[in-house]
Amino acid sequence: MKSTPAPSAPEAASTPTSAEETTSAGERDLVNQPVNVTLRESLMNKLNAYKEETGLSHPIILFTAIETHIDELPDRLRRSVAGATAPEGGRSLFDMPRVVAHKTDGERTETFIIRVNKKNKAILDGLWKELGAPSRNALFVAAYEAFLSTK
C-alpha cells in the first residue's frame, strides 16, 4: 500500500485580508433582509395576476408601486387611518397604536415575505414613518392599492 506524502507546507490560515474585509462588509449590505407583507385576499389576487403577467418580482413591484405613487401616498394613508384616530379636534385619552385593520368584511389575509437588501429595508423602514403611515405594512397596502388599481 502506497502512502501519500504529507504536504510540505502547512495550509495558510484563513485570515481575511483588508480586501476580503471590504468585500465582506459590502456583501453584508447585499444580504437579503426579510420583510413581511400582509394583504387582503382580493389585493393579493391582483398582485399575483400582475406578477404573473409581467414576470416581475415582488420587491420590484412594491418598489415601483411606491415610487409611482409617492406623492399621493401621504393623503391615501391619512384617509385610510381616519377612522382609527380620535375625531378631528377630539381628545385621545390613550396611547394606542393607530393601525388599520387588515380585514374588512371578514376577508381573509395572506402574509408573505419579500427579501430586500439592507439599504432598501432601511429606506422602507424610514419611509413609512416619513409618509405618516401607521405601520410599514400600511404603506405597502396603500402603494399596492394605488398601483394595481391602474393595471
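Couple of notes before you dig in:
- Selection status of Ala82, modelled with pLDDT under 95 and either assigned to a loop (DSSP other than H, G, I, E, B) or loosely packed, with under 10 Cβ neighbours inside 10 Å (or both): no
- Pairs where the first residue, in region 105-117, is over 17 Å from Leu62 (Cα atoms) and the second is assigned to a loop (DSSP other than H, G, I, E, B) and open to solvent by 70 Å² or more (accessible area, probe 1.4 Å), C-beta under 8 Å, 6+ apart: Thr109/His102; Thr109/Lys103
- Listed by first and then second residue, the pairs with beta-carbon distance under 8 Å, at least 6 apart or on different chains, first residue in region 49-60 and under 15 Å from Ile113 (Cβ atoms), second open to solvent by 60 Å² or more (accessible area, probe 1.4 Å), are Ser57/Lys51; His58/Lys51; Pro59/Arg115.
- Residues in region 115-151 that are hydrophobic (A, V, I, L, M, F, W, C) and surrounded by fewer than 16 Cβ atoms within 10 Å (Cβ to Cβ): Ala122, Ile123.
The values are calculated or read from the model by the stated rules, or taken from the named source; none is laboratory data. This one's a predicted model, so the numbers in the text were calculated from it and none came from an experiment. When we count neighbours, we look across all protein chains shown, and the Cβ atoms used for this are built from the backbone with ideal geometry, even at glycine. Just the protein is used for accessible areas: all its heavy atoms, side chains included, with ligands, DNA and RNA removed. Shrake-Rupley method; radii C 1.70, N 1.55, O 1.52, S 1.80 Å.
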